[in-house]
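Structure first, then comments.
Any read-out appearing in this document is the output of simple, stated calculations on the displayed coordinates, not a laboratory observation. Small disclaimer: the values here were computed from a predicted structure and weren't measured. Cβ: placed from backbone, ideal geometry, glycine included. Neighbour counts: every protein chain shown.
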Amino acid sequence: MAKIVVEIPEELERKIKVFPEVNWSELATDFFRSKVFELELRRSRELQRAMFETLASKSKLTREGALEIGKKINESMFRDLKANA
């Protein structure tokens with residue numbers, strides 16, 4: 001497993017030491033995992049929007065039909081990202 005060094009203010013370190021029962025490493029890992037998921041989801045939305053706009057500009061689909069396809073793509077990518085988190 002990789003290691004990351006995180007610098008925190010001394011005051012926060014003192015407060016953390018009051019709670020030795022907390023697995024701070026696991027807590028930080030969970031936070032990192034959650035933040036990466038959030039960023040991947042945001043990035044995938046941006047990619048989807050760009051792809052959608054490119055396809056829509058060359059397509060005879062109605063706006064409503066294209067939005068429905070986009071919605072299905074979003075749902076699928078969300079499930080995939082969630083499964084890999």
With springs connecting C-alpha atoms under 10 Å apart, model the chain as a Gaussian network and identify which of 41, 12, 55 has the largest mean-square fluctuation. 12
Which of the listed residues, 57, 6, 20, is farthest toward the dipole's positive end in the chain, when Lys, Arg count +1 and Asp, Glu count -1 at the beta-carbon? 57
Mind checking which lysines have their C-alpha under 22 Å from residue 72, skipping anything on the same chain fewer than 8 residues away? 58, 60, 82
Span from the region 9-24 Cα centroid across to the region 31-85 one, whole angstrom: 39
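What's the extension gain from residue 33 to residue 54 if we count 0.36 nm per residue and subtract their Cα-Cα distance?
Details: separation 21, 0.36 × 21 = 7.56 nm, distance 3.15 nm.
My answer for the length gained is 4.4 nm.
At most 16 other Cβ atoms within 10 Å plus a DSSP loop assignment makes a site exposed; report the longest stretch of the chain without any exposed GluC sites (Glu not before Pro).
Values: sites that count: 7, 21.
Between the exposed loop sites, the longest stretch runs 22-85.
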What angle, in degrees between 0 and 90 and rounded to the nearest 10, separates the Cα long axis of helix 24-57 from the longest principal axis of the Cα atoms of the chain? 10
Distance in nm between residue 12 and residue 79 label points, each 7 Å along Cα→Cβ, equals 3.8
Quick one: helix 63-84 against the long Cα principal axis of the chain, what's the angle to the nearest 10°, folded into 0 to 90? 30
Sort out the exposed loop trypsin sites (Lys or Arg not before Pro) in the chain (DSSP loop, at most 13 other Cβ within 10 Å) and tell me the longest stretch that has none. 4-57
Under the Karplus relation with 6.51, -1.76 and 1.60 and θ = phi - 60°, whole-Hz ³J(HN,Hα) for region 10-21, x at Gly and Pro, equal 4, 4, 5, 4, 4, 5, 5, 5, 6, 10, x, 6
So how strong a dipole does the chain carry about its Cα centre when Lys and Arg Cβ are +1 and Asp and Glu Cβ are -1, to the nearest 20 debye? 520
